[in-house]
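The values are calculated or read from the model by the stated rules, or taken from the named source; none is laboratory data. What you see is a predicted model, and the numbers here were worked out from it, not measured in a lab. Cβ: placed from backbone, ideal geometry, glycine included. Neighbour counts: every protein chain shown. With ligands, DNA and RNA removed, areas are computed over all heavy atoms of the protein, side chains included. Shrake-Rupley method; radii C 1.70, N 1.55, O 1.52, S 1.80 Å.
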Amino acid sequence: MLETQTIKDYAYSLGFDLVRVTTALPFREANQAIKDRVSRGYFAGLPWFSAERADVSCDPTALLPEAQSIIALGMCYLTEQPDEGGPLQGRISRYAWGEDYHDLIKPKLQQFTTWINEAVQERPGELPGERLETRLFVDTGRMVDRAVAQRAGLGWYGKNTNILTKGWGSWVFLAEIVTNLPLIPDEPLKSNCGNCEICLHACPTGALPHPYELDSTRCISFLTIELKGSIPIELRPLMGNLIFGCDICQEVCPVNQVAERRLGLRDEQGAPLIGLTTIKRRSTDKPAFQGRTEFQTRPPIGTTPELIPLLALTEEEFRLRFRHSPIKRTKRRGFLRNVCVALGNSGDRSAVPALRLALQDEEPLIRGHAAWALGRLGGDEALQALQAAMAQEADQEVRQEVRYALSLLNAL
Ligand code: B12
Ligand code: SF4
Ligand code: SF4
């Protein structure tokens with residue numbers, strides 16, 4: 001028989017940091033939770049995230065009728081601590097510093113299933129069916145990654161809704177293989193957040209109204225990555241300099257800080273060590289860490305990029321620079337929209353000339369957010385630019401943004 005431990009050892013050798021197994025039984029609690037959050041409008045901006053989807057994503061046999069087991073996998077993506085950055089620098093969430101993790105993890109999952117298949121071939125009679133069946137998931141698939149990880153004992157639900165793991169905190173990507181191979185399941189962990197509620201209070205937009213509940217419509221991760229249109233005006237001032245994703249509810253988490261100390265990213269007193277390019281890993285969870293470089297790549301624009309030059313990116317430059325990065329998801333229009341908001345929040349009027357040029361951008365979404373930023377920064381040059389835009393602008397939504405910006409300057 002193909003030992004569950006042999007499978008786990010192979011996963012570690014592929015570079016996964018955590019491997020557990022659970023059954024293919026339905027995830028009833030998760031199903032209920034998703035339907036509850038959808039009915040309360042928490043996923044209003046993600047139309048594909050529906051109650052119908054929950055029925056499929058919470059039932060492994062709907063995805064693979066012969067499913068028996070799920071191999072739950074976690075891969076840590078911490079590389080270094082970000083610089084503090086100045087007011088004219090943006091912040092990018094850690095998961096997007098390196099190459100797109102989907103592109104890195106998918107081939108590993110494929111290699112993993114090829115290996116299992118070969119191992120099973122050598123042991124006739126191993127499978128209940130005729131051949132090995134597998135379905136691979138990492139993030140985008142119709143599978144509840146966190147519910148799988150929780151039941152498999154890979155980690156526990158944090159109150160910020162992320163899965164927290166022993167040793168790596170929540171800085172892990174989750175993936176899984178659903179299979180018809182019978183494997184010995186692991187138990188869920190007994191750990192939980194206890195009385196801690198630090199993340200709930202740290203969230204700048206109030207996107208965590210209650211423990212274990214996230215209102216996506218207020219989450220900066222959603223606003224900067226998934227939202228295609230305009231960012232709600234009342235949330236923009238709360239977004240600071242975050243231009244792609246948000247790590248705040250993870251940065252403040254004590255479990256993560258312990259993990260960072262263990263990995264050599266914080267000193268003994270707990271202060272972050274800035275500018276490390278490699279990390280020392282010591283895992284108690286697997287026999288020997290082989291070293292992995294994928295997530296140690298510096299991002300194509302730095303962890304805290306200068307904002308003003310980003311406004312000058314052309315469509316072609318954006319495509320070339322971010323073709324291997326998760327940032328490509330926002331497209332140029334979404335990314336420059338976010339940059340405008342961060343500049344508006346910078347309080348630094350040296351951004352006005354660049355925003356003035358952005359008021360001429362061919363993309364209305366960018367013009368509208370540039371107008372908001374100018375209204376927030378204020379000053380004579382910003383006022384003149386907005387008045388000129390009011391005279392020329394034809395797009396109704398942008399005109400509304402310009403009017404609002406002028407009202408901020410008491411110029412209406
Ligand atoms: C949609 C989505 C988003 C949305 C909504 C996030 C959300 N919390 O639902 C947005 C765009 C906002 C988002 C943001 C982020 N995401 Co996202 N996202 C997803 C996706 C595709 C689905 C998540 C989902 O099912 N949400 C529905 C809610 C209801 O489910 P849930 O949060 O898991 O909630 C569970 C608990 O509530 C539990 N539950 C129910 N009742 C109760 C009661 C109690 C007492 C308890 C303890 C638990 C519990 O059951 C629920 C179902 O599993 C997954 C990938 C996937 N296919 O699963 C990635 C995923 C969750 N995202 C991930 C990441 C990394 C992020 C960000 C950190 C990215 C960033 N830096 O900006 C942020 C984190 C924001 C946050 N605080 O959660 C990782 C999380 C890894 C981890 N360690 O947990 C995932 C798993 C992707 C991956 N494969 O690695 N994401
Ligand atoms: S990712 Fe940011 S905005 Fe979203 S819940 Fe966490 S702290 Fe709040
Ligand atoms: S900050 Fe506290 S409550 Fe939030 S996830 Fe971490 S341990 Fe849990």
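Summary table
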item: Test: residue in the range 184-196 that is within 16 Å of ligand 3 (Cβ to nearest atom) and open to solvent by less than 20 Å² (accessible area, probe 1.4 Å); result: no
item: Filter result (open to solvent by less than 60 Å² (accessible area, probe 1.4 Å) and farther than 27 Å from Thr134 by Cβ) within the range 20-42; result: Asp36, Arg37, Val38, Gly41, Tyr42
item: Lone unmet requirement of (1) over 27 Å from Trp168 (Cα atoms); (2) of a type outside the set (Ser, Thr, Tyr); (3) surrounded by fewer than 19 Cβ atoms within 10 Å (Cβ to Cβ) for Asp83; result: (1)
item: Qualifying residues in the range 310-352 (those that are free of Cβ contacts under 8 Å to residues at least 24 places away in the same chain and outside any helix (DSSP H, G or I)) - the one farthest from Gly86 (Cα to Cα); result: Arg323
item: Some residue of the range 346-355 being open to solvent by less than 40 Å² (accessible area, probe 1.4 Å), touching a Leu at 6+ places or on another chain (Cβ under 8 Å), modelled with pLDDT of 95 or more and not hydrophobic (A, V, I, L, M, F, W, C); result: yes
item: Selection from the range 89-108 of residues that are open to solvent by less than 30 Å² (accessible area, probe 1.4 Å), of a type outside the set (Val, Ile, Thr) and not in a helix (DSSP H, G or I); result: Gly90, Ser93, Trp97, Gly98, Asp100
item: Among (1) at pLDDT 95 or above; (2) farther than 28 Å from Leu189 by Cα; (3) open to solvent by less than 30 Å² (accessible area, probe 1.4 Å), the one test that Gln111 misses; result: (3)
item: Leading residue by the ranking (least open to solvent (accessible area, probe 1.4 Å)) among those in the range 363-393 that are assigned to a loop (DSSP other than H, G, I, E, B) and closer than 24 Å to Pro232 by Cβ; result: Gly378
item: Residues being modelled with pLDDT of 95 or more, assigned to a loop (DSSP other than H, G, I, E, B) and away from ligand 3 (no atom under 13 Å from the Cβ) - total across the range 143-171; result: 4
item: Residue satisfying condition, being of a type outside the set (Ser, Thr, Tyr), out of contact with any strand residue (DSSP E or B) (no Cβ under 9 Å at 6 or more places or on another chain) and over 30 Å from Gln396 (Cβ atoms), within set Gly264, Gly229, Gly245; result: Gly264
item: Checklist (1) aromatic (Phe, Trp, Tyr); (2) buried (at least 24 other Cβ atoms within 10 Å of the Cβ); (3) assigned by TED's automatic domain parsing to the domain that holds Gln32 applied to Phe244, failing item; result: (3)
item: Selection count, the range 136-181, where residues are touching a helix residue (DSSP H, G or I) at 6+ places or on another chain (Cβ under 8 Å), surrounded by fewer than 24 Cβ atoms within 10 Å (Cβ to Cβ) and among the acidic types (Asp, Glu); result: 1
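Per-residue answers, yes or no, for (1) at pLDDT below 95; (2) away from ligand 2 (no atom under 16 Å from the Cβ); (3) within 24 Å of Gly86 (Cα to Cα); (4) in a loop (DSSP other than H, G, I, E, B):
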| position | (1), (2), (3), (4) |
| --- | --- |
| Ile225 | no, no, yes, no |
| Ile231 | no, no, yes, yes |
| Ile243 | no, no, yes, no |
| Val255 | no, no, no, no |
| Ala259 | yes, yes, no, no |
| Gly264 | yes, yes, no, yes |
